[in-house]
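The values are calculated or read from the model by the stated rules, or taken from the named source; none is laboratory data. On a predicted model such as this, the values are computed, not experimentally measured, just so you know. We place every Cβ from the backbone using ideal geometry, glycine too, and count neighbours over all the protein chains shown. With ligands, DNA and RNA removed, areas are computed over all heavy atoms of the protein, side chains included. Shrake-Rupley method; radii C 1.70, N 1.55, O 1.52, S 1.80 Å.
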Amino acid sequence: MILFRLIKKTLKWIVVAFFASTILSVVIYRFLPVWVTPLMVIRCYEQLTEGRDLKLSHDWEPLSEMSPSLPVAVIASEDARFMEHHGFDYEAIEHAAKRNREHPEKRKLGASTISQQTAKNVFLWPGRSWVRKGFEAYFTTLIELLWSKQRIMEVYLNSIEMGEGIYGAQAVAEEHFHKDANDLTRSECALIAATLPNPRKYSSKSPSAYMLKRQSRILKEMKYVGKFPTE
């Protein structure tokens, strides 16, 4: 009986500590830059264990100092209803589920929103397990409650992987276009957005014909997105 009470008390404090620490971390990142993410650490470890040169290019840049076309491009490419949903695009989820069910032979279609990708990039590790998906849903809900859409976009554009060892808008602008993120053209923003489904496979520095085709489609979709609002 004493052991049972001890276990119950311990579990209670573990749960309290989990919620307190996770909520605190989300509140902190509402105001402070995210300098490093779990994915960055994992990629560095992979580079070292595979005998490759260590590369981590990442510079935090405020959203106000990025090209205004960049958030428009990633919305057009990744999450057309970003400003409307509250973290989860149920229409996209239903569409993806139906398509994957009807065409199991094709590559699985995802439905992750920018909010979900931000939660995963900043707080979690890569993977497809139900446990990780559960944590992703939890952190997505937290950032939607505690951050503005502008802050979610700012963190997303600073933490997303945009090439081998390249993270964020400023790093990819410098490495692939030799300029600051604020000077990226509309076309360059669309090309960067075109790589995001798999930035380690697709390059905005040396785009293939397929990438140029995606870029063209995104440029057309950007016309319907409109200007990204400021806070």
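Data overview
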read-out: Rg(Cα)/(2.2 N^0.38 Å) for segment 1-87, N = residue count; value: 1.70
read-out: Helical mean residue ellipticity (222 nm; -39500 (n - 2.57) per DSSP H run of 4+; nearest 500) of the chain; value: -19000 deg cm²/dmol
read-out: Dipole-positive endmost among Leu63, Trp13, Phe82 within segment 6-99 (Cβ charges, Cα centre); value: Trp13
read-out: Highest average packing first - 14-21, 133-140, Cβ atoms within 10 Å; value: 133-140, 14-21
read-out: Positive-pole candidate from Asn158, Trp130, Leu146, dipole of segment 112-186, charges at beta carbon; value: Trp130
read-out: Using a Förster distance of 35 Å, the FRET efficiency for Lys223-Lys133 (Cβ separation, nearest 0.05); value: 0.55
read-out: Whole-percent carbon and sulfur share, accessible surface of segment 1-76, 1.4 Å; value: 72 percent
read-out: Span from the segment 136-214 Cα centroid across to the segment 23-71 one, whole angstrom; value: 11 Å
read-out: Percent RCO, i.e. relative contact order, over segment 111-231, from Cα pairs under 8 Å lying at least 6 residues apart; value: 19 percent
read-out: FRET efficiency for Trp35 and His178, using Cβ-Cβ distance with R0 set to 30 Å, rounded to 0.05; value: 0.80
read-out: Three-way shape label, the chain, alpha-carbon gyration tensor, a/c 1.5; value: prolate
read-out: Contour excess over end-to-end distance, with Cα ends at Ser148 and Ser187 and 0.36 nm allotted per residue; value: 11.3 nm
read-out: Heavy-atom SASA rank of Val36, Val27 (probe 1.4 Å, accessible area, largest first); value: Val36, Val27
read-out: Angle in degrees between helix 2-29 and the longest Cα principal axis of the chain, rounded to the nearest 10; value: 30 degrees
read-out: Extension reserve of the Leu11-Arg52 stretch, reckoned as 0.36 nm per residue once the Cα distance is removed; value: 10.5 nm
read-out: Accessible area per residue in Å² at 1.4 Å probe, computed on the chain; value: 57 Å²
read-out: Nonlocal amide H pairs with Met162, under 5 Å, H built at 1.01 Å; value: Tyr167, Gly168
read-out: Highest-MSF residue in the chain out of Ser206, Ser67, Ser77 [GNM, Cα springs under 10 Å]; value: Ser206
read-out: Nearest-ten-degree value, helix 38-49 long axis tilted from longest Cα axis of the chain; value: 80 degrees
read-out: Average Cα contact separation per residue, the chain, under 8 Å, 6 or more apart, as relative contact order %; value: 27 percent
